[in-house]
Amino acid sequence: MIQENIEPCTLALFGAFGDLALRKLFPALYHLHAAGLFASDSKILALGREVAGEQPLAVIEQALRRHVPEDELDAAQLNSFLARIGWLNIDFQDSAAYAALAELLDAKAPIIAYFATAARVYGAICAGLASAGLAERTRVVLEKPIGHDRESARRVNQEVARYFPEERIYRIDHYLGKETVQNLIALRFANSLFESQWNQNHISHVEITVAEQVGIEGRWGYFDQAGQLRDMIQNHLLQLLCLIAMDPPSDLSANSIRNEKVKVLQALAPISAENISQQVVRGQYVAGSINGKAVPGYLQEDNSNANSDTETFVALRAEVRNWRWAGVPFYLRTGKRMPQKVSQIVVQFKDPPHYIFAPEQRPLISNRLVIRLQPDEGISLQVMTKEQGLDKGMQLRSCPLQLSFNDTYRSRRIPDAYERLLLEVMKGNQNLFVREDEIDFAWQWCDQLIAGWQRQGSAPKPYPAGSWGPQAAVGLISRDGRDWYGDF
Ligand code: BG6
C-alpha cells in the first residue's frame, strides 16, 4: 500500500460490541494499524453496552483472534493495537452521557463517529454529539440499512442532516470498498477498449449474481423484517448495476461519480404490479443441503416465525431507459443458501452482424466479459478462436483471455472492504460512499417492487437450500432465450 499522510483522529465506534464491529471493524482497524496506516496518534474509543461479566478489551481481543487469520496476527502488533483502544459504557439515547464521552476525547483531534448501530438511534447519537459540542469536528459514518423504505430513509437522513452537512456524512455500502468493485472503475475508464463497445449496439445483456452459501446466521430478527430485496438489491446489487451502467464521469471526484450513478438510478424503468410476476421472482429456501451437509429451511432457523413470507432470494429483470442501454436487460440475482458463495458480473456481447462459418458452429459464438468479484477475483474475456491443427479446418473454439488478480498480484493479500472504507473516511474522501439521493432513488425503485408484491399477495416460491433458486428464476431469463451464465 502507498503510505499516505493521514491526519490523526479519534475513531468513536458506536456499537463497538456488536456483531459488525467485532467481526469486521476491529479486524479491519487491526490490519490498518499493522500496515502503519492508522496514524500513530490516532485512538479508538469503543462505545456500547458493557458485555456482562467480560472485560471490554478481552472481548475485542477474542474477536481479533477469531476473525484475523492466525498468520496475519502478530503478538506485538496485537498488543500495541489493543493499547490504542479506550472504552465507555454509554446509553446512546441518553444525551447527558455525551459529556462523559467528550471528556475522554482529545480536545482538538478530528472525530470519526462510526454508527455500527440500528439506524433508529442515529438521530439520538447526532443530537448527543452536537449537545457535547463535538459535531463541528466530526465526520459520521452510517451503516446500512438506512431505513426500511424511502420514507423512513428520508427521516433518518434528515435527522442526521440537522447536525451534519452532506460533506461529512459517509454512508457505507461495503461492496464499494471491495478491491474488485473498485476495479470496475479502472476497467471501464482506464481502457478505451471497452467504452466503444459499452452500449446497446454491442451488448446483448448483463447479469449480476451475488450468491451466498450462508443462511441467516442468527440474524433472523433483523433479516425477517428486511428480506433479500432490502438487504441486498436496494444497496449492493444496485450499486454494481450503477458502476456497470453509468456514463464516464468527468473526473474521479466523489460528486462526479455519484452524479453519474444517480442518473442510472433515475433511469431504471419502473416495474408495474401487472408485470411483476413476469419480471421479478421471490424465493424462500426450504431444507436442503450445502456441501453435502443437511441444513434447515428458512422457517426452521433459530428464533424463526413459521408463517413468515419474507424472501431470501430475488431474481429480476431490470431495464435502464436511456440511449446507451435501451433494450438491454440487466438480470439481477441474489440469494441465501445457494450452492456457492460467488459474486460476478457477466457482460454478454451481441453476435457478429454477419456470420460466415459453418452453420452448426453458430451456437458457439459468444463474446462475454466475466468480472469475478469474489472469490477468485479476476476478469475473463471469452473470445472466439480457431482450433489448432491442419486437421481442424475452420473449427471454432471459445477461449478465455484470463486475468486472475491472485496470480497477477501474488504478493498482496486482498484487503477487506472495511479496511479501504475506514482508510478513505480517515482521508476525508467520499467517493466510495453513497450520497443521500442515491439512497433515495434506490429506495424509490425498490418500494414500487414491494408495493407490487403486496398487491399481488403471493408467497415466495420455495427452493431447496443448495440450489440456484426457484425454477421461475430460470424461466425469467429463458423467456428471453437466454440462460444464467454458470461456470461455477
Ligand atoms: C450485508 C448483508 O450487507 O452483506 C448480509 O446484510 C450479507 O446479509 C452480506 O450476508 C454479504 O456481504 P459479502 O461481503 O460477504 O458478500
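The values are calculated or read from the model by the stated rules, or taken from the named source; none is laboratory data. Nothing here was measured: the structure is a model prediction, and the numbers come from that model. Cβ atoms come from the backbone with ideal geometry, glycine included; neighbour counts cover every protein chain shown. The accessibility values were calculated without ligands, DNA or RNA, using every heavy atom of the protein model including side chains. Shrake-Rupley method; radii C 1.70, N 1.55, O 1.52, S 1.80 Å.
Here are some notes:
- Given (1) modelled with pLDDT of 90 or more; (2) surrounded by 15 or more Cβ atoms within 10 Å (Cβ to Cβ); (3) of a type in the set (S, T, N, Q), index of the condition Thr385 fails: (2)
- Residues in region 413-443 that are among the small types (Gly, Ala, Ser) and open to solvent by 10 Å² or more (accessible area, probe 1.4 Å): Gly428 only.
- Of Glu61, Glu54, all but one fail to be assigned to a loop (DSSP other than H, G, I, E, B), open to solvent by 30 Å² or more (accessible area, probe 1.4 Å) and not small (Gly, Ala, Ser); the exception is Glu54.
- Residue that is most open to solvent (accessible area, probe 1.4 Å) [pool: residues in region 352-370 that are touching an Asp or Glu at 6+ places or on another chain (Cβ under 9 Å) and under 24 Å from Thr209 (Cβ atoms)]: Asn367
- Candidate set from region 112-151 (those that are under 20 Å from Gly428 (Cα atoms) and basic (Lys, Arg)); member that is surrounded by the most Cβ atoms within 10 Å (Cβ to Cβ): Arg139
- The strands (runs of 3 or more DSSP E) located wholly in region 294-406 include none with 3 or more residues which are out of contact with any Leu (no Cβ under 8 Å at 6 or more places or on another chain) and among the β-branched types (Val, Ile, Thr).
- Within region 231-267, tally of residues that are of a type in the set (A, V, I, L, M), more than 16 Å from the ligand (Cβ to nearest atom) and under 19 Å from the mean Cα position of the chain (by Cα): 8
- In region 444-467 there is at least one residue matching the filter, namely being open to solvent by 50 Å² or more (accessible area, probe 1.4 Å), of a type in the set (Lys, Arg) and not in a loop (DSSP other than H, G, I, E, B).
- Residues that are near the ligand (Cβ under 10 Å from one of its atoms) and not in a loop (DSSP other than H, G, I, E, B) were ranked within region 182-230; the one that is surrounded by the most Cβ atoms within 10 Å (Cβ to Cβ) is Gln228.
- Residue match in region 236-257 (condition: in a helix (DSSP H, G or I), more than 13 Å from Glu438 (Cα to Cα) and in contact with a helix residue (DSSP H, G or I) (Cβ under 8 Å, 6 or more places away or on another chain)): yes
- Members of region 300-329 that are open to solvent by less than 50 Å² (accessible area, probe 1.4 Å) and under 19 Å from Gly283 (Cα atoms): Glu301, Ser304, Ser308, Thr310, Glu311, Thr312, Phe313, Val314, Ala315, Leu316, Arg317, Ala318
- Residue in region 164-180 that is more than 25 Å from Gln374 (Cβ to Cβ) and part of a loop (DSSP other than H, G, I, E, B) present: yes
- Test: Gln395 is away from the ligand (no atom under 16 Å from the Cβ), loosely packed, with under 13 Cβ neighbours inside 10 Å and over 25 Å from the mean Cα position of the chain (by Cα): no
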